[in-house]
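Contents: one structure, followed by commentary.
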Amino acid sequence: MAPRSPKPLPIPPAEQPGTPDESGGLLTIDLAAITANWNTLRHRAAPAECAAVVKADAYGCGLVQVGTALANAGATTFFVANLGEGRQLRAFLPRATIYVLNGVYPGTAPAFAAANLRPVINTLTELAEWDAHVAATDWRGGAALHVDTGMNRLGLSPDEAAAIASRIRSEDHGISLLMSHLACAEMPDHSLTRRQVKLFRDLRLLYRGIPASLANSSGIFLPDTSPLDIVRPGAALYGSNPTPGQPNPMQPVVTLQGRILQIRQLTRGDSVGYGATFTARGPVRIAVVAVGYGDGYARSACGEAGRPAEVIVEGHRCPLLGRISMDMLTVDISALPEGVARRGGMATLIGDGIDVDELAARTGTIGYEILTRLGRRHHRIWREAAPETETRTAAATTAA
Ligand SMILES: *Cc1c(COP(=O)(O)O)cnc(C)c1O
């Protein structure tokens, strides 16, 4: 672990779709909670190094903001999915080690070197392409070798990896990491997890001297598994529970609030929204909230196939009702005293006890998808240590 950089880097601002007052959705990302989560994972994984997976815009939480906050906390190794993400992060973190999980696309090896990014090499063909570049340019920026131990997605087969091990160790290919990925890490008793761990441990012996990495968020919590040299948490950093079915050891990170556009009183027989899927059987009061599926709020949250998701209005949990539109959703606030909910107020869609995993369960998906779909129309606020140091990146910065 590199020593904390003496002077913290400022959290970079971002382009915003409007000011907070102008926006239908307000998304608050608690960078202090992300840092706390990283520290929790780091302590749990020690003496392994704790990297940070920041692909997909840091799971919707802001690549360069999260990357900078974690670098300030001491993180030195980052994983992204694509070259472009790596380049974006590199612009803010000149010294970080950045691995690109999807590897070398044809012809892109020089771009990796140019931005000092490390590809995760997933096939022998990629290795050959990378080797050719390394040989031709003397570039020694490092690369990871990914071995498929049972996911059947990316990676060399264990046989391929075993066959080239001595060559990798004796010649200088610049391989700086041996990694594999668990398919069922959140299911500790799954036979595939045990098989993957065993296979990877055996392979690792052939690659002695090269750091090894296997665990994602849930992998860090597997019993009886040493986390090896580097762990690669993503989802847990952003508050999703790495131990489903058990208490969540992570702090919540994301708060999503939606603006109340109007309050409406329904009488018996009135229907609401597209398809008229809800019809009032008596008096019902609803709030119309300015967040819809066009903001990444899943249309399936309206509960046509199960229980609808809930939203917090003035401290009360209220169920959605009717269909979710592109730009708004409707909430049954009949349980609230009249006059409490008002136009211009904010309803909480994520946060205050509604976590991403709960919303995911109500919408038939996983916390990962809830996070990575967080809409681009929300005004984003990155909260650092204390509320007064919030980075409000509204008009201050630019639409560059
Ligand atoms: C996305 C990803 C991770 C992070 O997984 P989480 O479950 O989000 O912790 C780690 N390793 C690889 C190869 C990945 O693709």
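The values are calculated or read from the model by the stated rules, or taken from the named source; none is laboratory data. Just so you know, these numbers come straight off a predicted model, no measurement behind them. Don't worry about glycine lacking a Cβ; one is built from the backbone with ideal geometry, like all the others, and counts go over all protein chains shown.
For segment 128-163, a tally of residues being outside any strand (DSSP E or B), crowded, with 18+ Cβ neighbours inside 10 Å and of a type in the set (A, V, I, L, M) returns 3.
One residue stands out among those in segment 371-393 that are of a type in the set (A, V, I, L, M) and in a loop (DSSP other than H, G, I, E, B): the one that is modelled with the lowest pLDDT, which is Ala386. Here's a check for you: in segment 94-107, which residue that is in contact (Cβ under 8 Å) with a residue 24 or more places away in the chain and buried (at least 19 other Cβ atoms within 10 Å of the Cβ) is farthest from Leu156 (Cα to Cα)? Of everything passing the filter in segment 94-107, Ala96 is farthest from Leu156 (Cα to Cα).
State whether the residues of segment 309-316 include one that is more than 20 Å from the chain's Cα centre (by Cα), in contact (Cβ under 8 Å) with a residue 12 or more places away in the chain, part of a loop (DSSP other than H, G, I, E, B) and under 19 Å from Ile350 (Cβ atoms). Yes: one or more hits. Contact annotation: residue pairs with Cβ atoms under 6 Å, 6 or more positions apart or on different chains, pairing a residue in segment 347-369 that is on the phi > 0 side of the Ramachandran plot and in contact (Cβ under 8 Å) with a residue 60 or more places away in the chain with a partner that is of a type in the set (S, T, N, Q) and away from the ligand (no atom under 16 Å from the Cβ), are Gly351/Thr255; Gly364/Ser300.
Looking only at residues of segment 211-262 that are of a type in the set (S, T, N, Q), crowded, with 24+ Cβ neighbours inside 10 Å and within 11 Å of the ligand (Cβ to nearest atom), we find that the one that is farthest from Leu154 (Cα to Cα) is Ser240. Is segment 285-305 home to any residue that is hydroxyl-bearing (Ser, Thr, Tyr) and within 20 Å of the chain's Cα centre (by Cα)? Looking through segment 285-305, at least one residue is hydroxyl-bearing (Ser, Thr, Tyr) and within 20 Å of the chain's Cα centre (by Cα). Screening Pro319 with (1) over 22 Å from Thr372 (Cβ atoms); (2) in a loop (DSSP other than H, G, I, E, B) gives one miss only, at (2).
Under the condition of being of a type outside the set (S, T, N, Q), more than 15 Å from the ligand (Cβ to nearest atom) and in a loop (DSSP other than H, G, I, E, B), which residue from segment 56-93 is surrounded by the most Cβ atoms within 10 Å (Cβ to Cβ)? It comes out as Gly62. Among residues that are outside the structural domain of Thr76 (by TED's automatic domain parsing), closer than 30 Å to Asp148 by Cα and either over 19 Å from the mean Cα position of the chain (by Cα) or assigned to a loop (DSSP other than H, G, I, E, B) (or both), Pro227 is not included. State whether one or more residues within segment 260-268 are in contact (Cβ under 8 Å) with a residue 24 or more places away in the chain, outside any loop (DSSP other than H, G, I, E, B) and within 16 Å of Leu27 (Cβ to Cβ). No: segment 260-268 contains no residue that is in contact (Cβ under 8 Å) with a residue 24 or more places away in the chain, outside any loop (DSSP other than H, G, I, E, B) and within 16 Å of Leu27 (Cβ to Cβ). Filtering segment 325-336 for residues that are modelled with pLDDT of 95 or more, among the charged types (D, E, K, R) and part of a loop (DSSP other than H, G, I, E, B) leaves a non-empty set. When segment 167-183 is filtered for residues that are assigned to a helix (DSSP H, G or I) and either modelled with pLDDT of 90 or more or basic (Lys, Arg) (or both), the ones remaining, listed by number, are Arg167, Arg169.
Within segment 185-209, the set of residues being hydrophobic (A, V, I, L, M, F, W, C) and surrounded by fewer than 19 Cβ atoms within 10 Å (Cβ to Cβ) comprises Met187, Leu192, Leu199, Leu205, Leu206. For segment 35-55, filtering for residues that are within 11 Å of the ligand (Cβ to nearest atom), over 22 Å from Ile381 (Cα atoms) and part of a loop (DSSP other than H, G, I, E, B) leaves 1. Scan segment 350-370 for residues that are out of contact with any Asp or Glu (no Cβ under 9 Å at 6 or more places or on another chain) and assigned to a loop (DSSP other than H, G, I, E, B) and the total you get is 5.
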